[in-house]
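Chemist: What follows is a structure written as structure tokens; I'll ask about it next.
The values are calculated or read from the model by the stated rules, or taken from the named source; none is laboratory data. In this text, all values refer to a predicted model and were calculated from it rather than measured experimentally. Note that each Cβ is placed from the backbone with ideal geometry, even for glycine, and that neighbours are counted across all protein chains shown.
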Amino acid sequence: MRLKNALTISDLKNMAKNRVPKMFFDYADSGALTEQTYFANESDYAKILLRQRIARKLSSRSLKTTMIGQEVAMPLALAPIGMAGMQRANGEILAALAAKKAGIPFTLSTMSICSIEDIAKATNAPFWFQLYVMRDHDYVRATLDRAKKAGVNALVLTMDLQILAQRHKDLRNGLTAPPKFTPKHIYQMSSRPMWCLRMLGTNRHSFGNIKGHAEGTDNLRSLSTWTHDQFDLELTWDSVKWIKDYWGGKLIIKGILDVEDAKSAVSAGADAIIVSNHGGRQLDGAPSSIRVLPEIVEAVGKNVEIHIDGGIRNGQGILKAKALGAQAAYIGRPYIYGLGAGGEAGVTRCLDILKNELDTSMALCGERDINNISAHHIYSNSLL
């Protein structure tokens with residue numbers, strides 16, 4: 001299939017599966033343990049029914065809104081994705097360029113292949129940075145300094161990965177972080193010759209935000225050991241306060257799935273929270289993000305901006321999240337599918353698909369302005 005013929009995110013997924021080595025495709029397209037939460041994230045959106053309205057003026061429609069005070073072309077951001085640069089050579093740069101063109105935020109992961117400096121140089125535009133808190137607080141401070149220097153205008157602090165959950169696909173594929181190229185992996189890569197050619201054309205094959213920036217991470221072996229040992233088991237809300245003070249800018253806290261945690265995030269000074277279960281990749285058996293969104297909105301929606309990620313596979317998912325009180329949504333896997341399918345053009349195709357689906361569905365619900373979407377636009381008896 002050609003990229004221009006992709007009509008759905010599922011089309012992009014199938015294309016990516018055929019173009020990306022299995023270990024890297026599976027890394028992005030998997031959940032923890034039984035993947036119950038991973039699948040619930042998507043299936044629970046389908047249970048929410050939209051309210052069709054007719055005989056409304058539908059000209060001059062607008063999807064424009066704001067996220068933490070920043071104007072965006074639609075209520076959507078690209079979520080932080082680890083090792084996106086292994087889906088496609090220079091993947092994070094390509095995704096950031098597509099986001100810039102679409103007028104939405106791009107969020108770079110701590111565990112990215114391309115570095116903070118790579119993104120700043122390639123895009124010449126503000127972007128967001130996602131931080132994992134490491135035990136080496138000197139590294140954390142130095143990373144925040146680099147982000148400030150690069151013009152990052154929002155920090156996304158991920159709180160739900162102090163311990164890495166078991167993901168069976170990664171274990172079966174023998175995937176490590178950073179990847180080790182065993183004979184099995186070499187076979188998988190050789191079966192994707194265009195992927196290999198692109199990778200040969202870049203020197204970005206490791207964790208660009210860590211290698212050479214943390215003490216003792218100058219080679220693959222030391223980098224792997226450092227990464228494995230560094231996630232901070234002592235991370236608390238007090239940690240958030242010192243990070244916010246040191247950062248001094250906009251702070252978004254990711255990984256909120258409980259009302260009490262949402263209240264704690266507000267008390268810690270978050271400018272926004274992301275209702276998220278890490279894409280179903282951490283606590284399997286936890287509820288979907290969309291299921292808990294309404295109760296979190298009710299508890300803290302007047303005190304903090306609320307975003308959501310996990311499970312959005314079409315533009316209607318964004319509309320439903322808005323109807324249930326989210327200011328905006330994030331996508332991870334959809335744009336990763338686009339990236340694997342066609343690089344920057346694939347991410348652009350992903351965003352065009354979602355934008356068209358969002359705009360058309362909003363119109364068929366009788367609205368012209370995305371900021372007017374509310375619970376009125378869904379059937380209350382379809383709520384989870």
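Chemist: Out of (1) more than 23 Å from ALA345 (Cα to Cα); (2) in contact with a strand residue (DSSP E or B) (Cβ under 8 Å, 6 or more places away or on another chain); (3) not aliphatic (A, V, I, L, M), the odd one out for CYS114 is which?
Modeler: (1)
Chemist: Tell me the residue from LEU155, LEU175, LEU171 that is within 23 Å of the chain's Cα centre (by Cα) and closer than 21 Å to GLY255 by Cα, please.
Modeler: LEU155
Chemist: For region 30-64, which residues satisfy the criterion of being polar (S, T, N, Q) and either touching a strand residue (DSSP E or B) at 6+ places or on another chain (Cβ under 6 Å) or more than 28 Å from ILE119 (Cα to Cα) (or both)?
Modeler: Across region 30-64, the qualifying residues are THR34, GLN36, THR37, ASN41, SER43, GLN52, SER59, SER60, SER62.
Chemist: Residues in region 17-35: is at least one under 19 Å from the mean Cα position of the chain (by Cα), among the small types (Gly, Ala, Ser) and not in a loop (DSSP other than H, G, I, E, B)?
Modeler: The answer is yes; a qualifying residue exists.
Chemist: Something else: Run down LEU223, LEU233 and say which single residue is outside any helix (DSSP H, G or I) and at pLDDT below 95. Before the answer, list the steps.
Modeler: On the way: LEU223 fails: outside any helix (DSSP H, G or I).
None of the others qualify; the one that does is LEU233.
Chemist: Then there is this: Note down all Cβ pairs under 6 Å where the first residue falls in region 31-46 and is farther than 22 Å from GLY82 by Cα, the second is among the aliphatic types (A, V, I, L, M) and buried (at least 24 other Cβ atoms within 10 Å of the Cβ), and they're at least six residues apart or on different chains.
Modeler: ASP44/ILE290; TYR45/ILE290
Chemist: Same structure again: Looking at region 346-384, which of its residues are in contact with a Gly (Cβ under 8 Å, 6 or more places away or on another chain), under 30 Å from ASN90 (Cβ atoms) and surrounded by fewer than 18 Cβ atoms within 10 Å (Cβ to Cβ)?
Modeler: Hit for region 346-384 is ASN356, nothing else.
Chemist: Among strands (runs of 3 or more DSSP E) lying entirely in region 56-147, which contain 3 or more residues that are surrounded by 16 or more Cβ atoms within 10 Å (Cβ to Cβ)?
Modeler: 76-78, 128-131
Chemist: Residues in region 135-146 that are under 20 Å from the mean Cα position of the chain (by Cα) and either over 20 Å from ALA265 (Cβ atoms) or at pLDDT below 95 (or both): how many?
Modeler: Going through region 135-146 one residue at a time, the tally reaches 1.
Chemist: Just to verify a result, which residue in region 278-309, among those that are touching a residue at least 12 places away in the same chain (Cβ under 8 Å) and basic (Lys, Arg), is nearest to ILE331 (Cα to Cα)?
Modeler: Among them, the one singled out is ARG281.
Chemist: In this structure, does HIS278 turn out to be crowded, with 24+ Cβ neighbours inside 10 Å, touching an Asp or Glu at 6+ places or on another chain (Cβ under 7 Å), over 21 Å from THR8 (Cα atoms) and not β-branched (Val, Ile, Thr)?
Modeler: Judged against the criteria, HIS278 is a match.
Chemist: Still on this structure: Could you go through region 186-203 and let me know if any residue there is within 20 Å of HIS278 (Cα to Cα), part of a helix (DSSP H, G or I) and free of Cβ contacts under 8 Å to residues at least 40 places away in the same chain.
Modeler: If we filter region 186-203 for residues that are within 20 Å of HIS278 (Cα to Cα), which is where we start, we get none.
No - not one qualifying residue is present in region 186-203.
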